[in-house]
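Data first, discussion second: the structure below is written as structure tokens.
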Amino acid sequence: MHSKTWMMSIAGAALLASAASGDVPIVNPSFEEGPAEGAWTRVNAGADSIAGWTVVGGNIDHVGTLWQASHGARSIDLSGDAAGAIAQTIETVPGQEYLLTFALSGNWGGTDTKWLEVSAGPVVRQFGVDTSLNTGSSMHWRDESLAFTADSSQTTLEFRSLTPGYFGPAIDDVRLATVPGPATLLGLAAGVIVSARRRRGR
């Protein structure tokens, strides 16, 4: 097979693999449903007023007009007047690999770098974000991801501020997708290569 055809086959397999990844439903993924009126509304530990999510530590701010959201009109500052945390439990398939993706930014007050801890089942990872250039109209949102393999039929997704005080990391637009396993990827690649050979034969 010519190198050009081979590259096209690999590219096709990658596209098919991407298409095979399934979106997993998350309730209120952009935090649009909740109590925020005006700039922001503080939500304390134990509250479930943000649909689908529970505040599981400290308190958080459900942000409205204070700054521009990454998606929709609402987002979360994970530090209210103390470091807070928010979580949602979803249905998962044990042994299935998933990719959790979310938009990350932060409140520009206080220290420049804000830190948070993200956990998805057995996997825990910390993220830092520089907020020194952020303003209400320019939050410099960026996507971050965390891969994990479910070890239970239910998995809790948790976002926890590691920044004390009033100005914390901000999150928005939470997404979850399944990741095809190696056997699926090999099958997709083989199918694309066979198809490319047939087209070349014609």
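Read-outs: derived from the displayed coordinates by stated rules, not from any lab. This structure is a prediction, so every number in the text was calculated from the model and none was measured. Using ideal geometry, Cβ is built from the backbone for each residue, glycine included, and neighbour counts are taken over all protein chains shown.
Here's how it looks for Val56: its modeled amide H is under 5 Å from those of Gly46, Ala85, Ile86, Ala87, which are all 5 or more places away or on a different chain. Taking amide hydrogens as placed 1.01 Å from N in the peptide plane, the amide H of Gly64 sits under 5 Å from those of Trp40, Thr41, each at least 5 positions away in sequence or on another chain.
Applied to region 92-98, the Karplus parametrisation 6.51 cos²θ - 1.76 cosθ + 1.60 on θ = phi - 60° returns per-residue 3J(HN,Hα) values of 9, 10, x, x, 7, 8, 10 Hz, with x for Gly and Pro.
Inter-label distance, Asp112 to Ala39: 2.5 nm, where each label sits 7 Å from its Cα along the C-beta direction. For region 35-122, GluC sites (Glu not before Pro) meeting the loop criterion (DSSP other than H, G, I, E, B) and having at most 15 other Cβ atoms within 10 Å: Glu37. Taking amide H atoms as placed 1.01 Å from N in the peptide plane, the amide H of Thr163 lies under 5 Å from those of Trp115, each 5 or more residues away in sequence or on another chain. Across region 117-131, coupling constants 3J(HN,Hα) worked out from phi with the 6.51/-1.76/1.60 Karplus curve, θ = phi - 60°, read 10, 10, 10, 9, x, x, 9, 10, 8, 9, 10, x, 9, 7, 10 Hz, and Gly and Pro carry x. Taking only the C-alpha atoms of region 78-122, Rg followed by Dmax gives 14.1, 41 Å. Charging the Cβ of each Asp and Glu at -1 and of each Lys and Arg at +1, and nothing else, the dipole of region 83-185 about its Cα centre rounds to 120 debye. Label zone of Asp48 (point 7 Å out along Cα→Cβ, amide N under 19 Å): in region 54-95 this covers 54-60, 62, 85-92.
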